[in-house]
Structures are given as C-alpha cells and as structure tokens.
Amino acid sequence: MVNVEFLGPIKKEPLQLEINNLNELSNVLKNDETLINWLESCAVAVNDILVSSKDVSLKDGDKVSLLPPVCGG
Amino acid sequence: MNKKNRLQLFDGSLPVEKITNAWYEEYKHSNYGAIITFVGVVRDEDGIQGLSFDIYEPILNSWFNAWQDKANASNAIVLMAHSRGDVFNHESSYIAAVCSPKRRIALELIDEFVEDFKQSAPIWKYDIINNERLYAQDRSTKIKGAGILS
C-alpha cells in the first residue's frame with residue numbers, strides 16, 4: 001500500500017492505494033471530484049523529497065504528499 | 001545553541017525579544033561582523049483578526065538544511081523562527097536572520113533567504129476573519145514543479 005496525504009488547506013483524509021507509480025496515482029486522483037481544483041497547483045513529494053515528474057515508481061510503504069501553494073511569513 | 005536550534009517553531013506568536021536576544025548573545029562571540037535580523041509582523045488589513053499557519057516539518061527541515069549548507073559555503077549561517085497556529089495582528093509570526101563575517105554577504109543572503117522562503121517553504125497561511133480560518137489562496141505561490149499529477 002502507498003499512503004497518500006493531502007497537506008495544508010486541502011482538508012482531505014489520507015488514502016491508502018495499491019499503485020506502482022505516480023502516473024497511476026494521477027489517474028486515480030483525476031477521478032476524485034474533491035481534488036479537481038487542487039491537482040494543477042500542487043507539488044508532489046515522495047517520502048518527503050519533492051519530485052519533478054510523474055516518472056517515479058512507488059513501492060509498498062511509500063508516502064506521497066501533495067503540497068498546495070504556500071505562503072509562509 | 002546547537003545546529004538543530006537554528007530552526008525554531010512555536011505555537012502562536014513569536015517571543016521576538018527572547019529569540020533575537022538569544023541569537024545575538026549566542027553569535028556575537030563567533031566573530032560574525034554582520035548579524036541581520038528580519039522580523040515579520042502581522043498587519044491589520046482587510047478586516048483580519050490575524051493569520052494562522054500550518055507547517056509540514058519534514059520538508060521545511062530539508063529546505064532549511066539546504067539553505068544552511070548554502071550559507072555555510074560563504075562562511076555564514078542562517079537562523080529562522082516561525083509560528084504554528086494563530087498569530088494575531090501586530091504580533092510576529094516569522095523571524096529570519098543571517099550571521100556572516102562580511103556585511104555584503106549578509107545583506108545578499110537575507111534577501112535571497114527570505115524571498116525563497118516565501119516561494120518554497122511548506123507553510124500554509126490562513127486569514128482569521130470572524131474567528132474562521134480562510135486559506136490565503138490569492139497570496140500563495142505554487143511550489144516549483146507543481147502540477148505534475150494534473
């Protein structure tokens with residue numbers, strides 16, 4: 001299982017998914033109505049490292065985090 | 001003050017004098033010729049009572065450590081304090097500092113450090129209006145690389 005968490009203002013409970021890569025995650029999340037307005041603006045981290053492409057494989061126990069636009073300070 | 005304490009997170013508003021005095025006392029003996037401190041204060045505007053913050057610490061730590069490495073390459077260090085949760089108007093939620101042997105490096109680093117913080121640090125801001133938290137979406141910036149799942 002891959003754990004998918006939604007940070008900050010997204011207000012969505014984590015998901016546990018049987019997926020093998022970020023491309024599969026993209027296909028799952030695109031069908032989630034609650035995320036339609038978030039996917040385009042979210043950065044993605046795998047095991048707390050930001051990634052820049054969907055070409056990333058995932059294994060059991062991995063954590064994927066979606067990070068919406070930020071504004072500290 | 002060990003290296004771990006160079007990034008400090010607090011619940012609620014920052015005790016500014018305590019933090020900045022401690023930094024000064026710690027680092028004035030380290031032969032830094034320039035210690036520059038930036039204190040961010042919540043402004044009373046648009047009817048807000050204050051601001052509120054969520055922080056994702058694992059990525060904030062790695063972002064901060066990368067900045068520490070960059071500063072160390074110039075024989076400087078960076079320091080930072082930030083609030084979690086609610087901070088009301090006219091209180092501080094953010095302090096950044098640079099200590100450097102030389103003035104010019106400190107002035108340049110504080111500018112880059114604060115600007116990159118605003119664009120990259122995994123912190124989410126909410127306006128507090130009528131005791132509710134409203135995500136400050138229009139003032140927020142997409143992290144570099146955003147949108148790969150869309």
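The values are calculated or read from the model by the stated rules, or taken from the named source; none is laboratory data. Owing to the predicted nature of the structure, the values given are computational and were not obtained by experimental measurement. Cβ: placed from backbone, ideal geometry, glycine included. Neighbour counts: every protein chain shown.
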Tally of residues being buried (at least 17 other Cβ atoms within 10 Å of the Cβ) and either modelled with pLDDT under 95 or under 27 Å from residue A:69 (Cα atoms) (or both) across the stretch B:99-117: 5
Quick one: residue B:106 ticks every box in (1) in contact with a Ser or Thr (Cβ under 8 Å, 6 or more places away or on another chain); (2) within 14 Å of chain A (Cβ to nearest Cβ) except a single one, so which number is it? (2)
Inside the stretch B:75-95, the number of residues satisfying the requirement of being buried (at least 22 other Cβ atoms within 10 Å of the Cβ) and without any contact (Cβ under 8 Å) to a residue 60 or more places away in the chain is 1
Considering only the stretch A:43-60, I want to know if a residue exists there that is more than 9 Å from chain B (Cβ to nearest Cβ), polar (S, T, N, Q) and either in contact (Cβ under 8 Å) with a residue 40 or more places away in the chain or surrounded by 20 or more Cβ atoms within 10 Å (Cβ to Cβ) (or both). no
Taking only pairs six or more apart or across chains, which ones have beta-carbon atoms under 6 Å, a first residue in the stretch B:121-133 that is within 14 Å of residue A:10 (Cβ to Cβ), and a second residue that is of a type in the set (Phe, Trp, Tyr)? B:122/B:56; B:126/B:135; B:133/B:126
Would it be correct to say that residue A:28 is part of a strand (DSSP E or B) and of a type outside the set (Ser, Thr, Tyr)? no
What number of residues in the stretch B:95-120 are within 21 Å of residue B:73 (Cα to Cα) and not in a helix (DSSP H, G or I)? 7
Looking at (1) within 11 Å of chain B (Cβ to nearest Cβ); (2) over 20 Å from residue B:57 (Cβ atoms); (3) surrounded by fewer than 17 Cβ atoms within 10 Å (Cβ to Cβ); (4) modelled with pLDDT of 95 or more, which is the one condition that is false for residue A:16? (1)
Among the residues that make up the stretch B:39-49, is at least one of them among the hydrophobic types (A, V, I, L, M, F, W, C) and in a strand (DSSP E or B)? yes
Tell me whether the stretch B:7-22 contains one or more residues that are under 22 Å from residue B:138 (Cα atoms), within 14 Å of chain A (Cβ to nearest Cβ) and touching a Leu at 6+ places or on another chain (Cβ under 9 Å). no
Against the condition more than 10 Å from chain A (Cβ to nearest Cβ) and part of a strand (DSSP E or B), how does residue B:71 come out, does it pass? no
Across the stretch B:23-61, which residue is nearest to residue B:9 (Cα to Cα) among those that are surrounded by 15 or more Cβ atoms within 10 Å (Cβ to Cβ) and of a type in the set (Ser, Thr, Tyr)? B:56
Just need a number here: residues in the stretch A:28-42 that are farther than 14 Å from residue A:3 by Cα and either at the interface with chain B (Cβ under 9 Å from one of its Cβ atoms) or surrounded by 14 or more Cβ atoms within 10 Å (Cβ to Cβ) (or both). 7
